[in-house]
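Below is one structure, written out as structure tokens; comments come after it.
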Amino acid sequence: MTVARSQLVDLEVTPHYHCISRCVRRARLCGEGFEHRKQWIEDRLEELAGIFAISVAGYSILDNHLHVVLRLEGTDLTDGWSDREIAERWGRLYPPRDKKRQPLPVTDEWIEQKLADKAWIARTRKRLAKLGWFMKCLKEPLARMANKEDGAKGHFFEGRYKSIAILDDEALLATCAYVDLNPLAAGLAQLPEESDYTSIKARIEHCRQQGQIEELRSAMKKVVEGRTLSPQEASRLEEQGWLCPFSDLPSDQERPRNRRGLLAGFSLAQYASLVDWASRFMRDGKANVSAQVGSMLERLGTSADVWKETLLRLFSKERQLGVAFAFSRKRLNDAADRRGCHHVANLNGCRA
């Protein structure tokens with residue numbers, strides 16, 4: 001039975017959600033000559049990350065479906081925005097239009113009109129923190145563009161996207177890796193850095209554009225050799241990027257809320273090393289884990305064997321079944337108590 005989204009999304013349980021949306025009939029509407037639509041989606045994700053109180057932690061865009069890992073920053077962030085900023089952000093999403101439905105510039109007059117409507121401001125402030133509105137604003141305009149290109153009408157995406165609550169750090173890391181490795185599993189790429197339209201490639205390309213690709217390689221080498229990266233050294237690789245960073249700074253509480261690190265004490269270099277190891281056992285069916293990669297997983301409360309088994313099980317499934325994902329049974333029980341139910345369906349089972 002379908003569960004109301006309001007019951008599935010609860011920031012008191014977790015701010016992290018893995019969303020999956022498929023093209024109708026699983027048709028390859030973003031492939032087979034229409035790969036440019038993947039760029040539309042990637043560009044739109046970056047745009048929405050700068051408008052909503054929602055950070056993009058990971059994504060992959062394939063021929064017939066997309067994955068996106070999101071962190072909801074909540075109304076604590078939108079409450080800090082002025083009424084004018086709320087109106088301006090909404091104007092970027094839904095600008096005024098003329099009689100032919102063509103977009104018009106967002107003028108001061110239009111903003112002042114919106115500012116006079118306090119109920120609209122309050123309603124919009126909440127919408128800019130909502131997962132459902134983020135996904136609507138991601139999918140709807142892209143469907144219209146594709147239909148216009150095809151000279152067609154009707155649905156482009158399946159009506160309802162799937163959202164999976166990510167309940168602990170181990171599950172968050174496994175989800176990010178699973179999403180980034182989807183093109184390898186689909187045979188679309190051989191290496192993570194060659195996986196077009198993924199967050200791992202976007203992170204690496206950002207380093208390249210900033211002239212820091214050698215710095216990233218050096219940091220990854222240090223990780224493999226077991227040497228320690230300073231917090232400043234780790235975080236420098238992700239400065240100015242639009243994706244939610246992995247790295248934290250010591251003065252993390254002074255950073256903008258949407259620039260906080262995903263995992264305390266973790267870094268892009270560590271994540272890239274972990275994904276590189278995971279890609280090897282996916283390609284070859286086996287790979288030796290270094291002591292340093294193993295120690296990273298142990299600090300998260302898991303092991304290389306469990307993590308490998310989890311990823312392989314995720315990729316063995318045609319569909320992701322379940323409304324939550326956790327390595328810890330306690331986190332699942334806590335989520336069930338919060339929802340007032342006996343249990344929540346776990347995406348991949350848990351061992352603890």
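Please treat every number below as a calculation from the coordinates, not as lab data. Everything numeric here is computed off the predicted structure, so don't read it as measured data. Note that each Cβ is placed from the backbone with ideal geometry, even for glycine, and that neighbours are counted across all protein chains shown.
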Nearest 10, in degrees from 0 to 90: the angle of helix 268-284 to the longest Cα principal axis of the chain is 70 degrees
Within 10 Å of each residue's Cβ, count the other Cβ atoms and sort R37, R97, R92 from fewest upward. R97, R92, R37
Any of K99/K201; K130/K201; K139/K221; K114/K139; K201/K308 with alpha carbons more than 30 Å apart? Name them for me. K99/K201; K139/K221
Along each of the three principal axes of the Cα atoms of the stretch 169-320, give the extent in whole Å, ordering the values from largest to smallest. 42, 31, 28
Helix-only [θ] at 222 nm, the chain, -39500 (n - 2.57) per DSSP H run of 4+, per residue, nearest 500, equals -14000 deg cm²/dmol
Excluding E42 itself, what net charge comes from residues whose Cβ is under 12 Å from its Cβ, given Lys and Arg +1 and Asp and Glu -1? -2
Tensor-based shape of the stretch 55-205 (alpha-carbon gyration tensor, a/c under 1.5 rounded, otherwise prolate or oblate): oblate
Burial ordering of E35, E112, E193, fewest other beta-carbon atoms within 10 Å first: E112, E35, E193
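What is the projected area of the convex hull of the Cα atoms of the chain, averaged over all directions, in nm²?
Spelled out: convex hull of the Cα atoms, projected over all directions, averaged, 19.4 nm².
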The stretch 143-209, Kirkwood Rh and Cα Rg, ratio Rg/Rh at 1.09
What is the local net charge at M145, summed over the other residues whose Cβ is closer than 13 Å to its Cβ (Lys, Arg +1; Asp, Glu -1)? +2
Could you list T14, T107 in order of exposure, starting from the residue whose Cβ has the fewest other Cβ atoms within 10 Å? T107, T14
Write down the Å³ per residue value for the convex hull defined by the alpha carbon atoms of the stretch 83-127. 72 Å³
What is the angle, in °, between the Cα long axis of helix 83-93 and the longest principal axis of the Cα atoms in the chain? Nearest 10 is fine, range 0 to 90. 80 degrees
Please work out the C-alpha center-to-center distance from the stretch 53-73 to the stretch 101-118 and express it in whole Å. 30 Å
Acute angle (nearest 10 degrees) that the helix 304-316 long axis makes with the longest principal axis of the chain, alpha-carbon atoms: 50 degrees
With θ set to phi - 60°, apply the Karplus curve 6.51 cos²θ - 1.76 cosθ + 1.60 along the stretch 214-230 and write out the HN-Hα couplings as whole Hz, x wherever there is a Gly or Pro. 5, 5, 5, 4, 5, 5, 5, 5, 4, 4, 5, 7, x, 7, 8, 9, 6
